[in-house]
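S.K.: To start, I am sharing the structure in question, which I have written as structure tokens.
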Amino acid sequence: MALSHLAASASRSSSLLKPLSSALSLRRSISGDNSPLTVETSVPFTSHQCEAPSRSVETNPKELLTFFRDMALMRRMEIAADSLYKAKLIRGFCHLYDGQEAVAVGMEAAITKKDCIITAYRDHCTFVSRGGTLLEVFAELMGRQAGCSKGKGGSMHFYKKDSNFYGGHGIVGAQVPLGCGLAFAQKYSKDETVTFALYGDGAANQGQLFEALNISALWDLPAILVCENNHYGMGTAEWRAAKSPAYYKRGDYVPGLKVDGMDALAVKQACKFAKEHALKNGPIILEMDTYRYHGHSMSDPGSTYRTRDEISGVRQERDPIERIRKLILSHDLATEKELKDVEKEVRKEESPMPEPSELFTNVYAKGLGVESFGADRKEVRATLP
Amino acid sequence: MAAIFQGVGAAAALSSSPSNSFDSKKFVFSPCRSFSVRKGASFAVVRSDGRVNLNPKGRRAQQLISNAVATKSDNAAASSSSKPGHELLLFEALQEGLEEEMERDPRVCVMGEDVGHYGGSYKVTKGLAKKFGDLRVLDTPIAENSFTGMGIGAAMTGLRPVVEGMNMGFLLLAFNQISNNCGMLHYTSGGQFTIPIVIRGPGGVGRQLGAEHSQRLESYFQSIPGIQMVACSTPYNAKGLMKAAIRSENPVIFFEHVLLYNLKERIPDEDYICNLEEAEMVRPGEHVTILTYSRMRYHVMQAAKTLVNKGYDPEVIDIRSLKPFDLYTIGNSVKKTHRVLIVEECMRTGGIGASLIAAITENFNDYLDAPIMCLSSQDVPTPYAGTLEEVTVVQPAQIVTAVEQLCQ
């Protein structure tokens, strides 16, 4: 993270972020501070077939600090996963979310645990924001029983039923019809809750997405399709895969909103708006303009199809954690030192899991056969009398 | 055909480029002796007398064929420079086959995700986009159903597309196109259209790739009338089958395996193709016929070493052609040995093995001394955890036990 930029940017922060009202002039302890604060988003929303929400976002110091902490946690978690993968403790596929943390954090701030979220395989941080613990994350990544899917799913299959997190899916685009199905069930049971079905710019070209969208619009389902546009579908840039990269407009008859996905407050505002809209008027598409620092997955260096300058440029100018940090500092909500302390704390929590041999038992036992594998009989034999 | 299997070091040294999306170091065809691999050593050769020869860089030592698959005792006393052919890895063999066919016939084109500028996620199409241009090597969006359908449509007019599924499992999204259009159009049009398409991609259980990326689609596709299915297992047959598949007028589904891309072998320089419908005799024997394909071939060969030590003489056949089966080769083998063991990676229910059992029983029941045994993967979604995944797939030890049981 660009800690060195902090000193320089702190003085610039006031020009970047224009607080409409600054509730604090003195530093004070922010741990329980709920006093309202209004901040403007970095860029205005662009809308399609609907009225864009206001640029001013209501927040409070506690929330801002929570954002900071959560995003720092996610960032460290992904970096730790990177090193674990390189140390071959995590195998198979591993898709990292660093750079995109603001989407997970902002979305969570706008909704309740009764609303459903479903996403694709870049799901570690979304799982954490839905209440997953680091233990569950790393245990699952390393194939241990303590993992959220008991070690059977892996990086791409994180689920958390009790907080309505529906995964965690490997096949590109397949989760969107599932998400619309969740929305259907919500409408069926008259829950007044919504579903956020996340997908990427690569998945936006899948036919099943448009099919599901059509049906959702026909049946007025509370489905919010969120395109996390990080501009690259695996190794292919968005302009090479999509004739129209304006993903928020591709719903055609379905309203859409384009949001700066690196600004957690903008994401929060958009999700709040989307939830209200979906409950009244049916589906809406949100396009989160975001960026991933890592390659598509751990086997992709991420540099064959984009320049390192581009990556570092985005990191310097639009990094979501930096943005919140500047916001906090500009409002005198915490000292630099306090923020650094939070980061240090996060780093400690993140130190890679040791090899806990007690977590790891050979799950395959004859009696557990059906339960562990959950699908079928192990053998079919018929003995005739 | 002589083949040389290199150890881990070679694979590591040679496939160190970063865009290799599969961890090359992890496939190990482990000879019965383990040998230490120095970092940076070019490769190690296990000699037939058991000594391990670690090669200094740049100098080719004597290439002794140390594998158990040799069908003739080919003592290559000559140094490698006078040996015919060239050495390469399986994905390079596929690439060579593709490139040669694209040069030979301008109607051949490749379409798939990340095949062009990125070079292919398993590097099979590396360099092709630069050589042949964007119209012949097409980067598609992530829309398998559509671009497979488009490939079939193009094939109806005479183009010869090679459609890549980045992982075979993704082709499930294109199942309707493959079944109804690819397979049936030649028939339903009364022979007017042929569909000379090749649909290829890596499948099979890899190293902890998760359930959705470890699929064995040959069991789902085998029922589709009108298509041919082949599975390659060595660089030699990979290139040969690829070329034959492209030249074939029938739609061919070409199964590669995620873990076999870094196999190394010496293949002939000259143009050659392999018969699409023929099985490969890997090791002739007397006691039992072991039928296998793709990655399981290597598990079988590993088990064969142990079996030979225990006094058995297994005949190993790599069936290669999954649809139609080469019943001629298989039948002759059953006539000789009277016992059959099938080792496959499909699941027990509805897999290739299940069909093979039916075919052999129907045709060669009189020659069988014992019921056919079939070792397949467990009927479960492939778990992520390493130990669970290992248990899901057939291991050499199980093959040895099965042969012993069969030969009682």
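S.K.: What nm distance separates the two modelled labels at B:LYS305 and B:MET184, each placed 7 Å from Cα along Cα→Cβ?
M.R.: Between B:LYS305 and B:MET184, the simple spin-label model gives 4.9 nm.
S.K.: Return the long-range amide H neighbours of B:ILE199 (sequence gap of 5 or more, or a different chain), with a cut-off of under 5 Å between placed amide H atoms.
M.R.: B:VAL163, B:VAL252, B:ILE253, B:PHE254
S.K.: Next up: For the range B:225-273, which chymotrypsin sites (Phe, Trp or Tyr not before Pro) pass both filters: DSSP loop (anything but H, G, I, E, B) and at most 13 other C-beta atoms within 10 Å?
M.R.: The qualifying sites are B:TYR272.
S.K.: I need the calculated FRET efficiency for the pair B:ARG104 and B:ASP134, taking r as the beta carbon distance and R₀ as 35 Å, to the nearest 0.05.
M.R.: FRET efficiency, B:ARG104 to B:ASP134: 0.95.
S.K.: What distance in nm lies between label points placed 7 Å from Cα along the C-beta direction at B:LEU159 and A:THR112?
M.R.: Distance between the two pseudo-spin positions: 5.3 nm.
S.K.: Additional query: If I stretch the segment between A:ALA237 and A:LYS344 completely, what's the gain in nm (0.36 nm per residue apart, minus their alpha carbon distance), one decimal?
M.R.: Length difference between fully extended and current span is 35.0 nm.
S.K.: Report the FRET efficiency, 1/(1 + (r/R0)^6), for A:GLN316 and B:ARG207, where r is their Cβ-Cβ distance and R0 is 30 Å, rounded to 0.05.
M.R.: 0.25
S.K.: For the range A:113-130, just list the computed ³J(HN,Hα) in residue order, Karplus coefficients 6.51, -1.76 and 1.60, θ = phi - 60°, integers in Hz, with x standing in for Gly and Pro.
M.R.: 6, 7, 6, 9, 10, 9, 9, 8, 8, 8, 10, 4, 6, 5, 4, 5, 5, 7
S.K.: So what are the ³J(HN,Hα) numbers for the range B:273-282, from phi and the Karplus equation (6.51, -1.76, 1.60; θ = phi - 60°), rounded to whole Hz, Gly and Pro as x?
M.R.: Those phi angles translate into 10, 9, 5, 5, 9, 9, 8, 10, 7, 8 Hz.
S.K.: Tell me, what is the 1.4 Å probe accessible area of B:MET184, in Å² to the nearest 10?
M.R.: 70
S.K.: Please work out how much length the chain gains when fully extended from B:GLN398 to B:ALA358, using 0.36 nm per residue of separation minus the C-alpha to C-alpha distance, in nm with one decimal.
M.R.: That works out to 12.2 nm of additional length.
S.K.: If you don't mind, there's one more thing I want to ask. Determine, from the Cβ-Cβ distance of B:GLN192 and B:ASN275 and an R0 of 22 Å, the FRET efficiency 1/(1 + (r/R0)^6), rounded to the nearest 0.05.
M.R.: Efficiency computed from Cβ-Cβ geometry: 0.25.
S.K.: While we're here: Under the Karplus relation 6.51 cos²θ - 1.76 cosθ + 1.60, θ = phi - 60°, what is the ordered set of whole-Hz ³J(HN,Hα) values for the range A:141-156, x standing for Gly and Pro?
M.R.: 4, 9, x, 9, 5, 6, x, 5, 10, 6, x, 8, x, x, 3, 8
S.K.: Could you sort B:GLU278, B:GLU345, B:GLU362, A:GLU238 by accessible area so the largest value comes first, with the probe set to 1.4 Å?
M.R.: Largest to smallest exposure gives the sequence B:GLU362, B:GLU278, A:GLU238, B:GLU345.
S.K.: Do any trypsin sites (Lys or Arg not before Pro) in the range A:129-204 lie in a DSSP loop with no more than 12 other beta carbon atoms within 10 Å, and if so, which?
M.R.: Qualifying residues, ordered by number: A:LYS190.
S.K.: Next up: Compute the separation of the alpha-carbon centres of the range A:95-137 and the range B:204-233 and state it in Å as a whole number.
M.R.: Value for the Cα centre distance between the two parts: 33 Å.
S.K.: Given H placed on each backbone N at 1.01 Å, which residues far from B:ILE342 in sequence or on other chains put an amide H within less than 5 Å of it?
M.R.: B:LEU291, B:MET373, B:CYS374, B:LEU375
The values are calculated or read from the model by the stated rules, or taken from the named source; none is laboratory data. Keep in mind that what you see is a predicted model, and the values were worked out from it rather than measured. Note that each Cβ is placed from the backbone with ideal geometry, even for glycine, and that neighbours are counted across all protein chains shown. Accessible surface areas use protein heavy atoms only, side chains included; no ligands, DNA or RNA. Shrake-Rupley method; radii C 1.70, N 1.55, O 1.52, S 1.80 Å.
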